C-alpha cells in the first residue's frame, strides 16, 4: 500500500464529517429543525418543486430514510407549515419554510467561513477532487 493511501483513511474522513455534522446538528437544534427536515427543505429550495411521488423517492434515495418513515417526515413538515402543495400539486416550501431555509443557510455560511475560510483554496479544490474520487471508488466497490 502506498504512503498516500495509508495517510488518508475513512477514519479521517469520518472524523471530519462527524465534526461538521455536530456543528450542523447544534444549529438545527437551536432552530427546532431535525436533520431530515433540513435536507428536505434544502432539496426543495435548491432542486424543487417536485411531485409528491418524486419528492418521496428523493427522500428515500437521498437521505436513506426508510420508506415507512417518509409519510411522517412529510406530515411533520406540513404540520410545522414548512411545505405545501402548489396549484400544480408540486411540493414546495411555504413562506415560513423558505424563511427558515434562508435563516439556516445564512448561519451555515457563517460556520463554513469559520471552518474553511482561511484554508488555501487550492487545498480545498484538491480535497474536493480526492473525496469525490474516494466516494466514486467506494460506490463502485459497493455495486460489485
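The values are calculated or read from the model by the stated rules, or taken from the named source; none is laboratory data. Keep in mind it's a predicted model, so treat the numbers as computed, not measured. All Cβ positions, even for glycine, are placed from backbone atoms using ideal geometry, and neighbour counts span all protein chains on display.
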Region 115-128: number of residues that are surrounded by fewer than 10 Cβ atoms within 10 Å (Cβ to Cβ) and either in contact with a strand residue (DSSP E or B) (Cβ under 9 Å, 6 or more places away or on another chain) or not in a loop (DSSP other than H, G, I, E, B) (or both): 2
Residue pairs meeting the criteria (Cβ under 6 Å; at least 6 apart or on separate chains; first closer than 15 Å to residue 40 by Cβ, in region 82-110; second modelled with pLDDT of 95 or more and part of a helix (DSSP H, G or I)): 82/97; 83/77; 83/97
Subset of region 37-56 (residues that are over 13 Å from residue 92 (Cα atoms) and at pLDDT below 90): 39
Checklist (1) within 30 Å of residue 30 (Cα to Cα); (2) part of a helix (DSSP H, G or I) applied to residue 92, failing item: (2)
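What do you reckon, is residue 49 in contact with a strand residue (DSSP E or B) (Cβ under 8 Å, 6 or more places away or on another chain) and either surrounded by fewer than 12 Cβ atoms within 10 Å (Cβ to Cβ) or within 29 Å of residue 86 (Cβ to Cβ) (or both)?
yes
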Check on residue 65, over 27 Å from residue 13 (Cβ atoms) and either touching a helix residue (DSSP H, G or I) at 6+ places or on another chain (Cβ under 9 Å) or surrounded by 12 or more Cβ atoms within 10 Å (Cβ to Cβ) (or both): no
Residue satisfying condition, being modelled with pLDDT of 95 or more and either over 30 Å from residue 74 (Cα atoms) or loosely packed, with under 13 Cβ neighbours inside 10 Å (or both), within set 99, 107, 87, 144: 99
Checking residue 73 against (1) outside any helix (DSSP H, G or I); (2) out of contact with any strand residue (DSSP E or B) (no Cβ under 8 Å at 6 or more places or on another chain); (3) more than 23 Å from residue 139 (Cβ to Cβ); (4) free of Cβ contacts under 8 Å to residues at least 40 places away in the same chain, the condition it does not meet: (1)
Every residue from region 35-46 that is touching a helix residue (DSSP H, G or I) at 6+ places or on another chain (Cβ under 7 Å) and surrounded by fewer than 16 Cβ atoms within 10 Å (Cβ to Cβ): 35
